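These notes concern the structure reproduced below.
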Amino acid sequence: MNFSIDSNILVASVNSKDRLHHKSIMIFKEREDGKFFLSSTVLTESQNLFRNRINQVVVEIIRLLPNFQNKRLNRMEYQEHLITSFRQIKSENPGISNFLDLVYDEVNDFLKDNDSFKLPSFLSELSVKHSQSLYKRIDEIYPNSGSLVVLNHKHLKAVKEVTLDTYFKDMNDERIFHELMTNLPDIAPIHFYTGDSEFVKKINKSYSRCAKLFELEDDSFICVLVKN
């Protein structure tokens, strides 16, 4: 069975601190014999999410940490400040705690071999490093064959017509839906995994019409909600 994933599953599979990390990794392991189709919008959205969330964490770290060039602090004292700062950030911003934990591990590893005054430069490059390495990490997790799915404009008008009453508040969700549905004849049968229950409701409301449009079986597309 072919499979595809939403951006929340892609991010979780790469970020070991995410609550859905183990479930996401299992999806790849259990689908070793299938072909992986990744929506181009899912990839872009995941890259942007990594970059934005890590930048948010970095801004909070810099705001709370003592002066980076403070020569009076030894490494142990600096790490104590670091732990205290991370705890404070986590209590104030629980929504970014998984990215906060990811950055904390990176910073800890960095400080083992580097002086703390180099930390600002390291932090400034962290978000770019993670967002640009996302595709490489996917290859490490799932080295089998995979394809990037882009919008098939040839089928877009017909898909929009049969799903006219399906409304997505998020433009990325709508784009992902259209990328999958306009390519359905080429990627079916396929399972799509997401952690977004609202997206499941939307897509389950309309995918059967698209299957009928392309004269496919109703179970040619199955949307699976991944829970913690």
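Summary of computed values
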read-out: In region 207-228, residue surrounded by the fewest Cβ atoms within 10 Å (Cβ to Cβ) [restricted to those that are of a type in the set (S, T, N, Q) and out of contact with any Asp or Glu (no Cβ under 8 Å at 6 or more places or on another chain)]; value: 228
read-out: Test for residue 153: is it in the same structural domain as residue 7 (by TED's automatic domain parsing), surrounded by fewer than 16 Cβ atoms within 10 Å (Cβ to Cβ) and over 16 Å from residue 9 (Cα atoms); value: yes
read-out: Helices (runs of 4 or more DSSP H) within region 1-87 that include 3 or more residues open to solvent by 10 Å² or more (accessible area, probe 1.4 Å) and of a type outside the set (A, V, I, L, M); value: 21-30, 40-64
read-out: Any hit, region 152-172, residues being farther than 27 Å from residue 198 by Cα and either small (Gly, Ala, Ser) or in contact with a Leu (Cβ under 6 Å, 6 or more places away or on another chain) (or both); value: no
read-out: Test: residue 151 is in a loop (DSSP other than H, G, I, E, B) and over 30 Å from residue 100 (Cα atoms); value: yes
read-out: Failed item, numbered, when residue 169 is tested on (1) basic (Lys, Arg); (2) in the same structural domain as residue 25 (by TED's automatic domain parsing); (3) part of a helix (DSSP H, G or I); value: (3)
read-out: Verdict on residue 198 being open to solvent by 70 Å² or more (accessible area, probe 1.4 Å), more than 25 Å from residue 23 (Cβ to Cβ) and part of a helix (DSSP H, G or I); value: no
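The values are calculated or read from the model by the stated rules, or taken from the named source; none is laboratory data. Since we're looking at a predicted model, the values are computed, not measured. All Cβ positions, glycine included, derive from the backbone under ideal geometry; neighbour counts span all protein chains shown. What goes into the accessible areas is simple: the full protein's heavy atoms, side chains included, and nothing from ligands, DNA or RNA. Shrake-Rupley method; radii C 1.70, N 1.55, O 1.52, S 1.80 Å.
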